[in-house]
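Everything below concerns the one structure shown next.
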Amino acid sequence: MELSKRQHKIIEIVKTEGPITSEQIAEQLHLTRATLRPDLAILTMAGFLEARPRVGYFYSGKSANQLLIEHIQSLMVKDYKSRPVVVQEKTSVYDAICTMFLEDVGTLYVVKGQNRLSGVLSRKDLLKAAMGNHELTAVPVSVVMTRMPNIVTCKLDDTLVHAAGQMMRHQVDSVPVVRIAGDEEWEIIGRITKTTIARAFVELGENISI
Ligand code: ADP
């Protein structure tokens, strides 16, 4: 975010003289406290200044860059996850391809029982299965999927940066969000995809609040 000339001046005053009260800052700038209030609120919310009751304002010592990094690292999987599209292990490759088109997703998750994650199907997994095979209605997805325990997952309390790092490191387009459901059993409760990361990036760029 672009700071105004006055906001830069306020930061300089607080840097050299803090802790300092809003009255004292206002005096130095020949302004009223009421005029300064929105600037002080912005600078405090953005993390440049800190305010302590009965003490005044002081400089947080954090650069805009540091604040941006902290903000990015505070984005959590639980706030960005989207709905996973799932099929059963016995679903045919043909039906899985139809589901991928109808649901407009690039990855399907395979489950058994009560949403217990057992596999992942990417576009290329299904293409590979379809090449030269004319019996797609007879082949279950369980024979072409990538299966547990080889699936890279993430949890609700992971950061979005961690989930994005997993996708990059393992060169996959998405990671399922899971929670433990028993011995070696994981319930699928969401997904984080490259699109999720692009959305978060656009939100940051368009609506940056620091
Ligand atoms: P595509 O194959 O369409 O390029 P991906 O890069 O996502 O899509 O998938 C590459 C391979 O990795 C596929 O065989 C897929 O089954 C597997 N895969 C996809 N997501 C994961 C994941 N989260 N963990 C482990 N393997 C995965």
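The values are calculated or read from the model by the stated rules, or taken from the named source; none is laboratory data. Computed from a predicted model, the values in this text were never measured in an experiment. Counting neighbours? That spans all protein chains shown, and the Cβs are built from the backbone with ideal geometry, glycine included. Accessible surface is based on the protein model in full, side chains and every heavy atom, while ligands, DNA and RNA are left aside. Shrake-Rupley method; radii C 1.70, N 1.55, O 1.52, S 1.80 Å.
Structure summary
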read-out: In Å², nearest 10: area of Ser122 left accessible to a 1.4 Å probe; value: 40
read-out: In degrees, nearest ten, helix 5-17 long axis to first principal axis of the chain (Cα); value: 70
read-out: C-alpha long axis of helix 64-73 to longest principal axis of the chain, angle in °; value: 30
read-out: Candidate residues Leu29, Leu102: accessible-area rank, largest first, probe 1.4 Å; value: Leu102, Leu29
read-out: Set of lysines with alpha-carbon distance to Lys5 below 29 Å, sequence-local pairs under 8 removed; value: Lys15, Lys62
read-out: With every protein chain in place, the stretch 8-125: carbon and sulfur % of accessible area (1.4 Å); value: 52
read-out: Set of lysines near Lys128 by C-alpha distance (under 26 Å), chain-local residues within fewer than 8 positions excluded; value: Lys90, Lys112, Lys194
read-out: GluC sites (Glu not before Pro) restricted to the stretch 142-202 and DSSP loop, no more than 11 other C-beta within 10 Å; value: Glu184
read-out: Exposure ranking of Leu127, Leu3 by accessible area [1.4 Å probe, largest first]; value: Leu127, Leu3
read-out: Proximal aspartates and glutamates to Lys155, defined as alpha-carbon separation beneath 18 angstrom and excluding residues fewer than eight positions away on the same chain; value: Asp79, Asp173, Asp183, Glu184, Glu185, Glu187
read-out: Degrees between helix 160-170 axis and first principal axis of the chain (Cα, 0 to 90, nearest 10); value: 40
read-out: Per residue value of the accessible surface for the stretch 1-125 (all protein chains in place, 1.4 Å probe), Å²; value: 61
read-out: Spatial separation of Cα centroids for the stretch 134-210 and the stretch 73-106, in angstrom; value: 9
read-out: Accessible area, probe 1.4 Å, largest first, for residues Met148, Met131; value: Met131, Met148
